[in-house]
Amino acid sequence: MVSAVVLAGGRATRLGGTNKALLEIGGKRIIDRVLEALRPLSDQIVMVGHLVEGLDFPDVEVVPDTHPGAGSMPALLTGLLVSRHEMALVVGCDMPFLSTSLLRHIAELSTGFDLAVPRIGPYLEALHAAYHRSCLPVIEDYLRRRDLKIIDFYPSVRTREVPEIELRAFDPDLRSFLNVNTPEDLERARALARGVHEIDGQGG
């Protein structure tokens, strides 16, 4: 069993300050979709950040972000510190199409490593990854140096990259990695939930 950490910070400025975790996709709030994907995998779900403060989830631990506005790295540290298990799946709160089977696969691939992270093209998906608590001292060191970009500490730990071809075996269209950051993202996600596969010329 693993812990699960949902990072729910940020100002959502590109969505006019709207709490994106509470936006509805296909009749369900994004945060409810995220939790549905995680519950089969974990007996401890932690949500870190102000976007979920005041919300009542009986089976979820809501933890304040100790460094609001400082990005995802301090929130990752907070989530790992409160994780009961040695490994935690870490995702964003704005990902409406998470795949339970893909997350399980990434967790399994982290065995023998400090973290397992998907790579799509040139990008590492830091907020759809498995982190072991063995990363904590390194994260703390980078935070002391005010190096706040998560992927910057990867070379200092045993990192397992998961290639795109392997991701597509579980999620052919890579919908898991759709973040709702802009009005266009929200429109695309709602269209995908309705079963519309072509949005602005992009394949779903």
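Per-structure values
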item: Single unsatisfied condition, Ser110 versus (1) of a type outside the set (Phe, Trp, Tyr); (2) touching a strand residue (DSSP E or B) at 6+ places or on another chain (Cβ under 7 Å); (3) more than 16 Å from Leu80 (Cβ to Cβ); result: (3)
item: Qualifying residue in segment 15-29 (condition: more than 23 Å from Ser176 (Cβ to Cβ) and at pLDDT below 95); result: yes
item: Candidate set: segment 22-57, residues that are among the hydrophobic types (A, V, I, L, M, F, W, C) and assigned to a loop (DSSP other than H, G, I, E, B); chosen: the one nearest to Arg104 (Cα to Cα); result: Leu41
item: Helices (runs of 4 or more DSSP H) contained entirely in segment 110-204, each with at least 3 residues that are touching a residue at least 24 places away in the same chain (Cβ under 8 Å) and surrounded by 16 or more Cβ atoms within 10 Å (Cβ to Cβ); result: 136-144, 183-194
item: Any chance Tyr131 is more than 27 Å from Ala21 (Cα to Cα) and touching a helix residue (DSSP H, G or I) at 6+ places or on another chain (Cβ under 8 Å); result: no
item: Criterion (at pLDDT below 95 and surrounded by 19 or more Cβ atoms within 10 Å (Cβ to Cβ)) met by exactly one of Ser72, Ser83; result: Ser72
item: Residue count for segment 87-109, restricted to those that are assigned to a helix (DSSP H, G or I) and either surrounded by fewer than 18 Cβ atoms within 10 Å (Cβ to Cβ) or in contact with a helix residue (DSSP H, G or I) (Cβ under 9 Å, 6 or more places away or on another chain) (or both); result: 9
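The values are calculated or read from the model by the stated rules, or taken from the named source; none is laboratory data. Remember, predicted model here, so these are calculated numbers, not experimental data. Neighbour counts are summed over all protein chains in view; Cβ atoms, including those assigned to glycine, are modelled from backbone coordinates with ideal geometry.
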